[in-house]
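Enquirer: Below is one structure. I have some questions about it.
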Amino acid sequence: MADEGRLQKMEVDYSSTVDEKIPQCEKMAKEGALLEALDILLSLEKQTRSAADMHSTAKILVAIVKLCFQQNNWTALNEHILLMSKRKSQLKQAITKMIQEACSYVEETPNMEVKLKLIDTLITVTAGKIYVEIERARLTHKLATIKEKEGKISEAANILQELQVETFGSMDKKEKVEFIMEQMRLCLAHRDYIRTSIISKKISTKYFEDSNDEVQKLKLRYYKLMIELDLHEGAYLSVAKYYKAVYDTPSIQEDEAKRNEVKS
């Protein structure tokens, strides 16, 4: 038996069958027979998965979550996300497509209770799966943001700290830096200065040598956090270096008001 996520050679191409069945199931769901439609797709998914037909399996998994979403059946959506992710020898590319589709529904949920349940389900199924590590990171960030807005700063900081995004090979550098700085910001808000200092070391200041405008904005945000941290620690020499780095930033140099603000 093949391991979960292993690339396999397709034995049978079910694409024509899938292309025929999905519209039929969509019609059934619209007519109130959602569960019957899902049963048909689940049965077909077993065949496509057994035949290692990744493309067809992915289409079915996406169709399953889409039908649940279109019929506003959030309970069925969560149940089927969990079910599909646990199926034996499930194809990782198919799981990735399903999770990406389901992630797009988070901001479409009718209320906070439903949103939190969907986020929890998606975080659960992405745990330990490297191929959906970016989706897991973004979902975790959403959850931390919700907790912060509820005034639960400590919980938000703890949630975000669970992820070591610096080890994520598939995440681009900019997103990594933004994520780590969010970890720093929440730790500062929680007054956890020791952890903030530890996290800050995960960012190399060489990254800020890039003259790209977006990178330079991140540079200013980073040094603002570092100034707040080291002012608390009484590391005034470091604070002076950070202010110098801010002052030398092109966007600051080009704006007299901003230059004077840094000087003051």
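Enquirer: What Kirkwood Rh does region 1-118 have if only Cα atoms enter the pairwise 1/r average? Answer in Å. Write down the numbers at each step before the final one.
Expert: On the way: mean 1/r = 0.0694 Å⁻¹.
Kirkwood radius, region 1-118: 14.4 Å.
Enquirer: Additional query: To the nearest 500 deg cm²/dmol, what mean residue ellipticity at 222 nm is calculated for the chain from DSSP H runs of n ≥ 4 alone, each contributing -39,500 (n - 2.57), summed and divided by the residues?
Expert: When only DSSP H runs of four or more count, the value is -22500 deg cm²/dmol.
Enquirer: Let me ask you something else. Under a point-charge model restricted to the Cβ atoms of Lys and Arg (+1) and Asp and Glu (-1), what is the dipole moment magnitude of the chain relative to its Cα centre, in debye to the nearest 20?
Expert: Details: 41 positive and 42 negative charges, 115 e Å.
For this selection, approximately 560 debye.
Enquirer: Excluding same-chain residues fewer than 8 positions from LYS30, which lysines have a Cα within less than 28 Å of its Cα?
Expert: Filter leaves LYS21, LYS46, LYS59, LYS66, LYS86, LYS97, LYS115, LYS117.
Enquirer: Still on this structure: Using only the Cα atoms, what convex hull volume per residue in Å³ does region 157-264 have?
Expert: Values: hull volume 10.9 nm³, N = 108.
Each residue corresponds to 101 Å³ of Cα convex hull volume.
Enquirer: May I pose another question? Give, in nm to one decimal, the length gained when the segment between SER50 and LYS92 is fully stretched (0.36 nm per residue of separation minus the Cα-Cα distance). Write out the running numbers ahead of the final one.
Expert: On the way: separation 42, 0.36 × 42 = 15.12 nm, distance 1.35 nm.
Contour length minus the Cα-Cα distance gives 13.8 nm.
Enquirer: Working out 0.36 nm times the residue gap between SER238 and ASP120, then minus their Cα-Cα distance, what length gain in nm do you get to one decimal? Don't skip to the end; give the middle numbers.
Expert: Values: separation 118, 0.36 × 118 = 42.48 nm, distance 4.05 nm.
Length gained between SER238 and ASP120: 38.4 nm.
Enquirer: Can you tell me which of 219-227, 81-89 comes out highest on packing, and rank the rest after it, using the mean Cβ neighbours within 10 Å? The partial results should precede the final answer.
Expert: Details: 219-227: 19.2, 81-89: 16.6.
Those peptides, ordered most packed to least, come out 219-227, 81-89.
Enquirer: If you count only protein heavy atoms with a 1.4 Å probe, what accessible area per residue comes out for the chain, rounded to a whole Å²?
Expert: Details: 14340 Å² over 264 residues.
Counting only protein heavy atoms, the per-residue value for the chain is 54 Å².
Enquirer: Restricting things to alpha carbons, tell me how big the chain is in terms of Rg and Dmax, in Å.
Expert: 23.6, 71
Enquirer: DSSP loop GluC sites (Glu not before Pro) in region 194-264 with at most 14 other Cβ atoms within 10 Å of their Cβ, which ones? Present the calculation step by step, with values, prior to reporting the outcome.
Expert: On the way: sites: GLU209, GLU214, GLU228, GLU233, GLU254, GLU256, GLU261; in loops: GLU254.
Listed in order of number, the matching sites are GLU254.
Enquirer: If you don't mind, another one. Given 0.36 nm per residue, what is the gain on full extension from LYS152 to ASP248 after removing their alpha carbon distance, in nm?
Expert: Details: separation 96, 0.36 × 96 = 34.56 nm, distance 3.66 nm.
Result for the pair: 30.9 nm of gain on full extension.
Enquirer: Also, I was wondering about something else. Once phi is turned into ³J(HN,Hα) by the Karplus curve 6.51 cos²θ - 1.76 cosθ + 1.60 with θ = phi - 60°, what whole-Hz value does each residue of region 236-251 show in order, with x for glycine and proline?
Expert: With the stated coefficients, region 236-251 comes to 5, 5, 5, 4, 4, 5, 5, 5, 5, 5, 5, 4, 7, 5, x, 5 Hz.
The values are calculated or read from the model by the stated rules, or taken from the named source; none is laboratory data. Quick caveat: nothing in here was measured; it's all calculated off a predicted structure. Quick reminder, even Gly has a Cβ in these numbers, built from the backbone with ideal geometry, and neighbours come from all protein chains shown. Just the protein is used for accessible areas: all its heavy atoms, side chains included, with ligands, DNA and RNA removed. Shrake-Rupley method; radii C 1.70, N 1.55, O 1.52, S 1.80 Å.
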